[in-house]
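Student: First the structure, then my questions, so here it is.
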Amino acid sequence: MSQFFQIHPDNPQVRLIKQAADIMRKGGLVVIPTDSAYALACHLDDKKAVDRIKQLRQLDDKHNFTLMCRDLTDISTYAKVDNTAYRLLKNHTPGPFTFILNATTEVPRRLMHPKRRTIGIRVPDNQVVSALLAELGEPIMSTSLILPGDDMPLSDPYDMRETLQHSVDLVIDGGYCGLENTTVVDMTGDEYLVTRQGLGNMEEL
């Protein structure tokens, strides 16, 4: 049976954030709010939790997971970014964007596309996730909360608790997040491409 935390979207309760971080450190699978839609998240180095996500969402090995970062200080550790790319990232973070970048050797192989060695990076504009990332002190592995057969992500935390009570360890109710996904920008080639138009508006491209 999963736990259910109601965390204030603007002033997250420190006690609950610490408990949520502890659940993730121990291998827990957690539903978290973001600035676009709710997401599934786990500890970066936890293979069992990643396998649980793949099973829950019925994902194959070609799925590109996303690293949620508190800010861009971790970017050079996990992704290869030149000065031009860094300026674009800086101008659009935090925000509802996922940037596909060439991964460094620090990224676990199981989180990358098997042929492209790429990773998604995002810095969500959400106080609950920011507090959780600060408490953990490292990025979170995440993916959209879209269940098999669904076209849209789950949006009601109470529905999530009922639907996922035996599949996840914690559901964080951080208020309404909407239904629209992030805008995905592929920055691995010579030209940057918007491969999925979502909530974020990338006017520069």
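The values are calculated or read from the model by the stated rules, or taken from the named source; none is laboratory data. In this text, all values refer to a predicted model and were calculated from it rather than measured experimentally. Cβ: placed from backbone, ideal geometry, glycine included. Neighbour counts: every protein chain shown.
Student: Kindly indicate whether Met160 is over 15 Å from the mean Cα position of the chain (by Cα), at pLDDT below 95, under 21 Å from Ile23 (Cα atoms) and of a type in the set (A, V, I, L, M).
Tutor: When the stated conditions are applied, Met160 passes them.
For every residue, the table says whether it meets (1) within 26 Å of Gln19 (Cα to Cα); (2) without any contact (Cβ under 8 Å) to a residue 60 or more places away in the chain; (3) loosely packed, with under 14 Cβ neighbours inside 10 Å; (4) in contact with a strand residue (DSSP E or B) (Cβ under 7 Å, 6 or more places away or on another chain).
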| residue | (1), (2), (3), (4) |
| --- | --- |
| Met68 | yes, no, no, yes |
| Thr98 | no, no, no, yes |
| Pro108 | yes, no, no, no |
| Gly120 | no, no, no, yes |
| Glu135 | yes, no, no, no |
| Pro139 | yes, no, no, yes |
| Leu145 | yes, no, no, yes |
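Student: Of the numbered conditions (1) under 18 Å from Thr183 (Cα atoms); (2) surrounded by 14 or more Cβ atoms within 10 Å (Cβ to Cβ), Arg87 fails exactly one; give the number of that condition.
Tutor: (2)
Student: Related question: Filter region 134-155 down to the residues that are acidic (Asp, Glu) and at pLDDT 90 or above, then identify the one that is farthest from Val184 (Cα to Cα).
Tutor: Ranking the qualifying residues of region 134-155, first place goes to Glu135.
Student: Still on this structure: Which strands (runs of 3 or more DSSP E) sit wholly inside region 115-205 and have at least 3 residues that are within 25 Å of Lys54 (Cβ to Cβ)?
Tutor: Filter on region 115-205 gives 118-122, 140-144, 170-173, 183-186.
Student: Would you confirm, using the coordinates I've provided, whether Asp74 is of a type in the set (D, E, K, R), in contact (Cβ under 8 Å) with a residue 40 or more places away in the chain and not in a helix (DSSP H, G or I)?
Tutor: no
Student: Output the residues belonging to region 158-191 that are under 19 Å from Asn102 (Cβ atoms) and touching a helix residue (DSSP H, G or I) at 6+ places or on another chain (Cβ under 7 Å).
Tutor: Residue satisfying the conditions is Met187 alone.
Student: Here is a further query. Of all residues in region 163-205, which are within 16 Å of the chain's Cα centre (by Cα), modelled with pLDDT of 90 or more and among the hydrophobic types (A, V, I, L, M, F, W, C)?
Tutor: Matches in region 163-205: Val168, Leu170, Val171, Ile172, Val184, Val185.
Student: Here are some conditions: (1) outside any loop (DSSP other than H, G, I, E, B); (2) at pLDDT 90 or above; (3) closer than 23 Å to Gly149 by Cβ. Phe99 meets all but one. Which one does it not meet?
Tutor: (3)
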